[in-house]
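> The following block contains the structure, expressed as C-alpha cells.
The values are calculated or read from the model by the stated rules, or taken from the named source; none is laboratory data. Just so it is clear, the structure is predicted and the values come from calculations on it, not from any experiment. When we count neighbours, we look across all protein chains shown, and the Cβ atoms used for this are built from the backbone with ideal geometry, even at glycine.
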Amino acid sequence: MIYLYPEKETEVSVNLTLDGNLTCSYPKYKDGWKVTALPDGTLTDASGQTYNYLYWEGETYARYDLTEGFCVKGEDTAKFLENSLQTLGLNRKEANEFIVYWLPLMGDNPYNLISFQTNIYTDAAKLNINPSPDSLIRVFMAWKSSENYVELPVQQLIAPERNGFTVVEWGGTEIKK
C-alpha cells in the first residue's frame with residue numbers, strides 16, 4: 001500500500017522497479033501510476049476514479065533476514081504491531097489497515113518471528129516518485145510462524161519524521177520455509 005500526502009493538490013507519478021514480478025496492482029499499474037493527490041491522501045486517476053492508496057503485490061528474488069527481530073505470541077501480535085508500527089512512523093489509519101491485512105494470518109499462531117526489512121526490501125522494490133517526497137516511510141515486515149519461542153537479538157525500530165510531502169508504504173511477506 002502506497003499512501004501519498006502532498007501539502008497541496010499535486011499531480012504525482014509513482015514508478016516501481018521490482019527485482020521480480022508484479023502479480024497484482026490496483027489501480028492497474030501501466031508503466032507507473034499517475035494520480036492527483038490531495039493532502040488528506042485521496043488519490044484520483046485520469047478517469048476520475050478515487051482511491052485511498054496505490055496497491056501492488058509481487059514476487060521478488062530478495063532473501064529476507066530473520067536473524068534479528070521479535071518473537072511474539074500469536075495472541076499478542078495485534079498489540080505488538082500497534083506499538084511497532086507507531087514507532088516506525090505509521091499513523092493510526094495506516095497501522096489499522098496493516099493489522100487488518102496481516103492479523104488473520106498471524107493471530108492464531110503459537111508464535112510469530114517478525115523482522116522489519118528496510119534495506120533488503122527497498123533494494124528489491126525501488127520507488128521513483130515525482131515530485132520527490134520530503135518524507136518517505138517504507139515499512140516492510142517479514143515474518144514466519146513458529147511452534148516454539150525463539151530467542152532473537154531485538155531489532156531497533158526508528159521512524160523518519162513526517163515533513164512536507166509525505167509518502168508512506170507498507171507491506172510484508174510470510175516466509176514459509
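> Of the conditions (1) assigned to a loop (DSSP other than H, G, I, E, B); (2) within 16 Å of ILE129 (Cβ to Cβ); (3) touching a helix residue (DSSP H, G or I) at 6+ places or on another chain (Cβ under 9 Å), ASP31 satisfies every one except a single condition; which number is it?
Among (1) assigned to a loop (DSSP other than H, G, I, E, B); (2) within 16 Å of ILE129 (Cβ to Cβ); (3) touching a helix residue (DSSP H, G or I) at 6+ places or on another chain (Cβ under 9 Å), ASP31 violates only (3).
> Might you let me know whether the stretch 125-147 holds any residue that is farther than 23 Å from GLY164 by Cβ and among the β-branched types (Val, Ile, Thr)?
So far as the stretch 125-147 goes, no, none of its residues is farther than 23 Å from GLY164 by Cβ and among the β-branched types (Val, Ile, Thr).
> Yes or no: ILE158 surrounded by fewer than 21 Cβ atoms within 10 Å (Cβ to Cβ) and at pLDDT below 95? Can you show your working first?
On the way: surrounded by fewer than 21 Cβ atoms within 10 Å (Cβ to Cβ): yes; at pLDDT below 95: yes.
When the stated conditions are applied, ILE158 passes them.
> A follow-up question, please. In the stretch 38-63, what residues are buried (at least 16 other Cβ atoms within 10 Å of the Cβ), under 16 Å from the mean Cα position of the chain (by Cα) and at pLDDT 95 or above?
Residues satisfying the conditions are GLY41, TYR53, LEU54, TRP56, GLY58.
> I need a count of the residues in the stretch 160-177 that are small (Gly, Ala, Ser) and farther than 15 Å from ALA142 by Cα.
Total satisfying the criteria: 1.
> Checking GLU147 against (1) of a type outside the set (S, T, N, Q); (2) touching a strand residue (DSSP E or B) at 6+ places or on another chain (Cβ under 8 Å); (3) closer than 16 Å to GLU68 by Cβ: exactly one of these is not met. Which one?
All conditions are met except number (3).
> To continue, here is another question. One residue is enough: does the stretch 50-63 have a residue meeting the conditions charged (D, E, K, R), more than 20 Å from TRP170 (Cβ to Cβ), out of contact with any Leu (no Cβ under 9 Å at 6 or more places or on another chain) and assigned to a strand (DSSP E or B)? Explain how you work it out, then say what you get.
Taking the stretch 50-63 first, the residues charged (D, E, K, R) are 57, 59, 63.
From what is left, the residues that are more than 20 Å from TRP170 (Cβ to Cβ) are 63.
Retained after the next criterion (residues that are out of contact with any Leu (no Cβ under 9 Å at 6 or more places or on another chain)): 63.
Now drop any that are not assigned to a strand (DSSP E or B), which leaves none.
Scanning the stretch 50-63 turns up no residue that is charged (D, E, K, R), more than 20 Å from TRP170 (Cβ to Cβ), out of contact with any Leu (no Cβ under 9 Å at 6 or more places or on another chain) and assigned to a strand (DSSP E or B).
> Specify the residue that is farthest from TYR55 (Cα to Cα); the eligible residues are those in the stretch 137-155 that are crowded, with 16+ Cβ neighbours inside 10 Å and among the aliphatic types (A, V, I, L, M).
Filtering the stretch 137-155 for residues that are crowded, with 16+ Cβ neighbours inside 10 Å and among the aliphatic types (A, V, I, L, M), the one farthest from TYR55 (Cα to Cα) comes out as ALA142.
> Here's something else I'd like to know. Sort out which residues of the stretch 113-128 are in a helix (DSSP H, G or I) and surrounded by 19 or more Cβ atoms within 10 Å (Cβ to Cβ), and write them in order of number.
Taking the stretch 113-128 first, the residues in a helix (DSSP H, G or I) are 118-124.
Within the stretch 113-128, TYR121, ALA124 qualify.
> Follow-up question, since we're still on this one. When you go through PHE116, PHE98, PHE165 one by one, which is the residue that is within 28 Å of THR10 (Cα to Cα), among the aromatic types (Phe, Trp, Tyr) and under 14 Å from the mean Cα position of the chain (by Cα)? Step through it out loud before you land on a result.
Values: PHE116 fails: within 28 Å of THR10 (Cα to Cα); PHE165 fails: under 14 Å from the mean Cα position of the chain (by Cα).
Answer to the selection: PHE98.
> Please find, within the stretch 161-176, the residue that is surrounded by the fewest Cβ atoms within 10 Å (Cβ to Cβ) out of those that are among the charged types (D, E, K, R) and over 25 Å from GLY41 (Cα atoms).
Within the stretch 161-176, the subset among the charged types (D, E, K, R) is 161-162, 169, 174, 176.
With over 25 Å from GLY41 (Cα atoms) added as a condition, the list becomes 174, 176.
Numbers: GLU174: 13, LYS176: 6.
My answer is LYS176.
> Here are some residues: PRO104, PRO110, PRO131. Which one is in contact (Cβ under 8 Å) with a residue 60 or more places away in the chain and exposed (fewer than 14 other Cβ atoms within 10 Å of the Cβ)? Break it down into steps so the answer makes sense when it comes.
Numbers: PRO104 fails: in contact (Cβ under 8 Å) with a residue 60 or more places away in the chain; PRO110 fails: in contact (Cβ under 8 Å) with a residue 60 or more places away in the chain.
Every option except PRO131 fails the conditions.
> So if I check each of LEU157, LEU90, LEU81, which one is part of a loop (DSSP other than H, G, I, E, B), more than 29 Å from GLY32 (Cβ to Cβ) and in contact with a helix residue (DSSP H, G or I) (Cβ under 8 Å, 6 or more places away or on another chain)?
Details: LEU90 fails: more than 29 Å from GLY32 (Cβ to Cβ); LEU81 fails: part of a loop (DSSP other than H, G, I, E, B).
After ruling out the rest, the residue left standing is LEU157.
> Going through LEU85, LEU16, LEU90 one at a time, which residue ends up being closer than 21 Å to TYR111 by Cα, in contact (Cβ under 8 Å) with a residue 40 or more places away in the chain, surrounded by 12 or more Cβ atoms within 10 Å (Cβ to Cβ) and not charged (D, E, K, R)? Even if it seems obvious, please write down each step before you answer.
Values: LEU16 fails: closer than 21 Å to TYR111 by Cα; LEU90 fails: closer than 21 Å to TYR111 by Cα.
From the options LEU85, LEU16, LEU90, the qualifying one is LEU85.
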